Amino acid sequence: MADKWVYHFEDGNKDLRDVLGGKGAGPAEMTNLGLPVPPGFTITTETCLAYLNQDNNFPESMWQQTIEAVKELGGKMGREFAESSDPFQSLDIEGVGQLIITAVKKGRRTRPDLEIGICGEHGGDPDSIEFFNRVGLNYVSCSPYRLPIARLAAARAALKSGGKNGYF
């Protein structure tokens with residue numbers, strides 16, 4: 001079992017692909033090559049196994065390391081991320097939300113018909129869903145137990161926006 005659950009991009013590299021996964025090792029390697037990559041971190045692939053082996057609970061040390069990594073990331077970016085009761089359930093709209101806005105704008109500038117969505121527990125949070133609708137995401141996906149609330153939140157967001165922004 002791992003003692004280190006979180007790697008900042010500058011701490012990883014392509015040789016840690018089994019630990020970081022391809023989507024974690026790639027930004028780490030690009031960072032080490034000096035390419036312009038925004039600061040970030042990756043939670044290890046071993047976290048999933050630990051989650052399954054601990055009755056669907058993340059290791060406490062993983063939570064601590066992740067919270068510390070978020071604080072360090074905020075320091076590197078010159079700002080603090082919004083406090084949330086659970087950053088894995090509710091989107092930090094002031095921090096991560098701004099990255100999503102940038103990604104949506106750049107993606108749609110290249111391909112106006114680009115379908116953009118999000119998958120994960122953020123897709124079941126009513127405040128996050130309203131934000132995703134406002135910035136024009138096409139769909140959200142979440143775990144089945146959050147689906148009823150997500151559907152209601154998506155309908156409410158569509159009604160509030162008059163159906164002019166995103167759709168679900």
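The values are calculated or read from the model by the stated rules, or taken from the named source; none is laboratory data. None of the values given here were measured: they were computed from a predicted structure. Neighbour counts are summed over all protein chains in view; Cβ atoms, including those assigned to glycine, are modelled from backbone coordinates with ideal geometry. When the accessible area is computed, the model is the full protein with side chains, heavy atoms only, and any ligands, DNA or RNA have been set aside. Shrake-Rupley method; radii C 1.70, N 1.55, O 1.52, S 1.80 Å.
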Cβ-Cβ distance below 6 Å, separation of 6 or more or different chains: which pairs start in region 25-36 with a residue that is closer than 10 Å to F9 by Cβ and end on one that is in a loop (DSSP other than H, G, I, E, B) and of a type in the set (V, I, T)?
P27/V37; M30/V37; T31/V37
Pick from region 97-120, criterion of a type in the set (A, V, I, L, M, F, W, C) and open to solvent by 70 Å² or more (accessible area, probe 1.4 Å), ranking: farthest from S141 (Cα to Cα):
L99
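This table checks each residue for (1) surrounded by fewer than 16 Cβ atoms within 10 Å (Cβ to Cβ); (2) of a type in the set (S, T, N, Q); (3) out of contact with any helix residue (DSSP H, G or I) (no Cβ under 7 Å at 6 or more places or on another chain).
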position	(1), (2), (3)
E10	yes, no, no
L16	no, no, no
G24	no, no, yes
P27	no, no, no
M30	yes, no, yes
P36	yes, no, yes
T44	no, yes, no
L49	yes, no, yes
E60	yes, no, yes
Does S128 qualify as being surrounded by 15 or more Cβ atoms within 10 Å (Cβ to Cβ) and without any contact (Cβ under 8 Å) to a residue 40 or more places away in the chain?
yes
If I filter region 93-116 down to residues being in contact (Cβ under 8 Å) with a residue 12 or more places away in the chain and in contact with a Gly (Cβ under 8 Å, 6 or more places away or on another chain), which single residue comes out as nearest to G74 (Cα to Cα)?
G95
What's the number of the condition G123 fails, among (1) crowded, with 18+ Cβ neighbours inside 10 Å; (2) at pLDDT below 85; (3) more than 20 Å from I43 (Cβ to Cβ)?
(3)
Scan region 135-157 residue by residue and report those that are open to solvent by 40 Å² or more (accessible area, probe 1.4 Å) and either within 12 Å of L91 (Cβ to Cβ) or among the hydrophobic types (A, V, I, L, M, F, W, C) (or both).
L147, I149, L152, A155
I'd like the residue in region 71-95 that is assigned to a helix (DSSP H, G or I) and out of contact with any strand residue (DSSP E or B) (no Cβ under 8 Å at 6 or more places or on another chain) and, out of all such residues, is modelled with the lowest pLDDT.
M77
Tally of residues being among the acidic types (D, E), assigned to a helix (DSSP H, G or I) and free of Cβ contacts under 8 Å to residues at least 40 places away in the same chain across region 37-67
1
